[in-house]
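Written out below as structure tokens is the structure these notes cover.
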Amino acid sequence: MNFRIPIADRERPALAGFVILFAVTIVSWAVLHDIYLIGVEPRHFTVYHRPLLPLSNPILLAMQYAVVATVGPGMVFGGLSFSASRLGALRPLSLRFAWFLFLPFIAVIECSALMMGALARSRHAGGGSLPYPSAFYPDTTAGIAYSQSVNISAYVGAVSFGGLFLMTLLLVRRQKR
């Protein structure tokens, strides 16, 4: 069986560009995010993640988890961004335009995630409840409360703001008719 994506041959390089650039961007963001987190709470990766490769360097551990967790979703998101930017009867958007529009979304997601971590740290210090259900935390130490709240928020933000980004692309295309 021969599987072929039903897009015009002239659009295939654009699809590849979207998939590669968005995947590289998302993986790079995740690597920086996880390197920061492992500096705050190494146990987040050394104790509470199953080993993938026999690595002991915390930075390399963070990098491997970031790449494994985001390369596939980053490629899918690139394909979805291509679809929202180029397919259909609306005027197409360039990869450059879409990518520059995406960068503030990443910044908002990361800032929101860090704010949720700060909220978790503050609540933990004051003896209050954490922002997410206790079942989401492997332990309730301050470091894990912070790092897990940041990570949960980053995943939730990626899905919700990613959807908002795709809708924004479609709205921009409609306005440019």
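The values are calculated or read from the model by the stated rules, or taken from the named source; none is laboratory data. Predicted model only: the values in this text are computed from it and were never measured. Glycine gets a Cβ as well: all are built from the backbone with ideal geometry, and neighbour counts include every protein chain shown. Areas reflect the complete protein model, heavy atoms only, side chains present, ligands, DNA and RNA absent. Shrake-Rupley method; radii C 1.70, N 1.55, O 1.52, S 1.80 Å.
Summary table below
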quantity: Criterion: under 20 Å from the mean Cα position of the chain (by Cα) and charged (D, E, K, R) - qualifying residue of Arg121, Arg96; calculated: Arg96
quantity: Selection within the range 73-98 - among the hydrophobic types (A, V, I, L, M, F, W, C) and open to solvent by 60 Å² or more (accessible area, probe 1.4 Å); calculated: Met75, Val76, Leu80, Leu87, Ala89, Phe97
quantity: Those residues of the range 25-56 which are of a type in the set (Ser, Thr, Tyr) and closer than 18 Å to Val71 by Cα, in sequence order; calculated: Thr25, Ser28
quantity: Residue count for the range 1-40, restricted to those that are in a loop (DSSP other than H, G, I, E, B) and either surrounded by 14 or more Cβ atoms within 10 Å (Cβ to Cβ) or touching a Ser or Thr at 6+ places or on another chain (Cβ under 6 Å) (or both); calculated: 1
quantity: Residue match in the range 143-155 (condition: within 21 Å of Leu37 (Cα to Cα), assigned to a helix (DSSP H, G or I), open to solvent by 30 Å² or more (accessible area, probe 1.4 Å) and not β-branched (Val, Ile, Thr)); calculated: yes
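Table: residues versus (1) touching a residue at least 24 places away in the same chain (Cβ under 8 Å); (2) among the aliphatic types (A, V, I, L, M).
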residue: Pro6; (1), (2): no, no
residue: Leu21; (1), (2): yes, yes
residue: Ile35; (1), (2): yes, yes
residue: Gly39; (1), (2): no, no
residue: His44; (1), (2): yes, no
residue: Pro51; (1), (2): no, no
